[in-house]
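The values are calculated or read from the model by the stated rules, or taken from the named source; none is laboratory data. Please read these numbers as outputs of a predicted model, since none were measured by experiment. Quick reminder, even Gly has a Cβ in these numbers, built from the backbone with ideal geometry, and neighbours come from all protein chains shown.
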Amino acid sequence: MSVILNALKEQFGKAILDVVEFRGEDTVIATKESAHEILKHCRDDLGFDYLVDISSLDLLGEEPRFEMVYELYALGNGANHHLRIKFKVAEDEKVDSVTDLWKTAKWHEREVYDMMGIEFNGLADHRRILMWEGYPYHPLRKDFPLAGRPTELPDVAFTEKAPLAGGPFVTSPTSASTSHREPRSRDFD
């Protein structure tokens, strides 16, 4: 086990549910309650000075439903080490914001809120970042239909179902021309 994983297990004990080493990357699965403290320790004491990303997974059908994923990187002193911190969150729970640790977390947390509907304690700005204000859905949830949802908002995006069948950027495997591979170029009626 890596020095980093040993240090975290020693420092946080039972708050660390599991550790995984795979292809030179370390992953820590933690409790939701300890996550902010672990992330702070990683930044302040272990040198993880760069928040690469915050994302979330929808584990529809499981409880808790969501999993938060924090990608950290240590750049200082030539460390060049990657660390992933994960924890699970129930559908109706809020997550503690890490904007007090990394200012850039604001954008990542807004995206997680916009796409998955997970709210953050301490995030001052819960405005949508990709979808328009007032949009009632969270499009990266697994229960969001690929065909989109109808909207009654005039002059905003689509007034009919959005043509997302197959995904907006998924091409169909074929030796045919781009107009046949690209789903957005096909007639969806």
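Between 18, 26, the distinction of being assigned to a strand (DSSP E or B), over 28 Å from residue 117 (Cβ atoms), in contact with a strand residue (DSSP E or B) (Cβ under 9 Å, 6 or more places away or on another chain) and not basic (Lys, Arg) belongs to 26 only.
Applying the set (1) over 21 Å from residue 126 (Cβ atoms); (2) more than 15 Å from the chain's Cα centre (by Cα); (3) among the acidic types (Asp, Glu) to residue 71 leaves exactly one unmet item: (2).
When residue 100 is tested against (1) part of a loop (DSSP other than H, G, I, E, B); (2) farther than 16 Å from residue 41 by Cα; (3) without any contact (Cβ under 8 Å) to a residue 40 or more places away in the chain, just one condition goes unmet, and that condition is (2).
In the set 126, 82, only one residue is modelled with pLDDT under 95 and assigned to a strand (DSSP E or B); that residue is 82. With respect to the conditions (1) in contact (Cβ under 8 Å) with a residue 40 or more places away in the chain; (2) out of contact with any Phe, Trp or Tyr (no Cβ under 7 Å at 6 or more places or on another chain); (3) over 21 Å from residue 123 (Cα atoms), residue 45 lacks only one, and its number is (1).
Is it fair to say residue 9 is assigned to a helix (DSSP H, G or I) and in contact with a strand residue (DSSP E or B) (Cβ under 7 Å, 6 or more places away or on another chain)? First the steps, then the outcome.
Numbers: assigned to a helix (DSSP H, G or I): yes; in contact with a strand residue (DSSP E or B) (Cβ under 7 Å, 6 or more places away or on another chain): yes.
In short, yes.
Looking at the structure I just gave you, is residue 119 among the charged types (D, E, K, R) and modelled with pLDDT under 95? For residue 119, the condition - among the charged types (D, E, K, R) and modelled with pLDDT under 95 - is not met. The residues of the range 38-51 that are surrounded by fewer than 16 Cβ atoms within 10 Å (Cβ to Cβ) and in a strand (DSSP E or B) amount to a single one, 50.
Checking each residue in the range 41-64 for being touching a strand residue (DSSP E or B) at 6+ places or on another chain (Cβ under 7 Å) and of a type in the set (Gly, Ala, Ser) picks out 47, 55, 56.
In the range 85-96 there is at least one residue matching the filter, namely being touching a Cys at 6+ places or on another chain (Cβ under 8 Å) and modelled with pLDDT of 95 or more.
Selection of the range 1-58 for residues being under 14 Å from residue 81 (Cβ atoms) and of a type in the set (Lys, Arg) yields 23, 43. Residues in the range 2-27 that are surrounded by fewer than 10 Cβ atoms within 10 Å (Cβ to Cβ) and of a type outside the set (D, E, K, R): 13, 22, 24. In the range 83-103, the residue that is surrounded by the fewest Cβ atoms within 10 Å (Cβ to Cβ) out of those that are among the β-branched types (Val, Ile, Thr) and touching a strand residue (DSSP E or B) at 6+ places or on another chain (Cβ under 6 Å) is 89.
Here is a list: 139, 168, 163. Which entry is surrounded by 10 or more Cβ atoms within 10 Å (Cβ to Cβ), modelled with pLDDT under 70 and within 23 Å of residue 69 (Cβ to Cβ)? Reasoning before the result, please.
Details: 139 fails: modelled with pLDDT under 70; 163 fails: within 23 Å of residue 69 (Cβ to Cβ).
After ruling out the rest, the residue left standing is 168.
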